[in-house]
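A short worksheet on the structure shown next.
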Amino acid sequence: MMRALSSGMTSRTGFLERHTKSRGFTLVEVMVSLAVLSLILLATVSALRTFANTQGSLERKIARVDEIRSVSSFLRDALQANIAGSQERVSSLSLGGDGGKQGFFRGSPDSVQWKAPMIFGEGYGGVLLVRLAREGGQLTLRWQEPPVNEEDVEPDWAGTPMRVVIDNVEDFSVAYRLEYGEPWQEGIFLEEAPVMLRLAIKSSGRYWPDLIAGVNQ
């Protein structure tokens, strides 16, 4: 009988041990697991957010570099095409005025006006008077056909066609180099083309690299 009782107690103890081993995780273990999982998820979300911010910042920088490159190239080409002197003759394009017999240039601390062969869209262009200036928060390019008699005529730019070259402009100034080797002149007014000019531009809270262009004389 003792042997049978002992055998029964042994069987019960084994059952309890197996039951204890298969009962699953404790509450503490579950809480620790959830805490670790939360930390992993938080780190993953932070990494994804950082990646997205970095990608967005990179795309904005690339777009800004592309804008600077395209605007700089356009303005350099336009200024180098300046018609200077009465001996210049440029064949007129469509709606292009009188063929560009006379040169024209006006420079100030915050604007530049010159005469050059330009094309603005398909079928529209020619030898035009052009003005680059800041208007409010925009750097704009305006143009008009040269007058028949250009002597001592100051162009009226009100209501002329325009395009926005740069948006969100906070500062714009022009400096001129009258001769090669001479220092830059700021705050002056010109009626003859300098050898070079320098545009200082600040937009969207950042300064552009100085845009330096040669001017056809």
_Net charge of Cβ neighbours under 12 Å - reference residue 203; Lys, Arg +1; Asp, Glu -1_ = 0
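Expected output is a single nm value to one decimal: the length gained when fully extending between residue 40 and residue 186, i.e. 0.36 nm times separation in residues minus the C-alpha distance. What is it?
Working it through step by step, the gained length comes to 46.7 nm.
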*For every other residue with a beta carbon closer than 11 angstrom to the beta carbon of residue 172, add +1 if it is Lys or Arg and -1 if Asp or Glu, then tell me the sum.*
-2
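On a full-extension model of 0.36 nm per residue, what is the gain between residue 47 and residue 164, subtracting their alpha-carbon distance, rounded to one decimal in nm? Could you put the intermediate results ahead of the total?
Details: separation 117, 0.36 × 117 = 42.12 nm, distance 3.88 nm.
Additional length available on full extension: 38.2 nm.
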*Mind ranking 128-138, 207-217, 177-187 by how tightly packed they are, going by the mean number of other C-beta atoms within 10 angstrom, highest first?*
128-138, 207-217, 177-187
*Return the long-range amide H neighbours of residue 118 (sequence gap of 5 or more, or a different chain), with a cut-off of under 5 Å between placed amide H atoms.*
126, 127, 128
*Taking H as built 1.01 Å from N, whose amide H comes closer than 5 Å to the amide H of residue 103, not counting residues under 5 places away?*
85, 86
*asked:* Quick check on the range 102-217: take the gyration tensor over C-alpha atoms, sort the square-rooted eigenvalues as a ≥ b ≥ c, and tell me if it's rounded (a/c under 1.5), prolate or oblate.
replied: oblate
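I'd like the carbon and sulfur percentage of the solvent accessible area for the range 151-216, probe radius 1.4 Å, heavy atoms only, ligands and nucleic acids excluded. Provide the component values of the computation, followed by the final result.
Values: 1740 of 3900 Å².
Here carbon and sulfur together make up 45 percent of the probe-accessible area.
The values are calculated or read from the model by the stated rules, or taken from the named source; none is laboratory data. All values reported here derive from a predicted model rather than from experimental measurement. Don't worry about glycine lacking a Cβ; one is built from the backbone with ideal geometry, like all the others, and counts go over all protein chains shown. Surface areas here come from the heavy atoms of the whole protein model, side chains and all, with no ligands, DNA or RNA. Shrake-Rupley method; radii C 1.70, N 1.55, O 1.52, S 1.80 Å.
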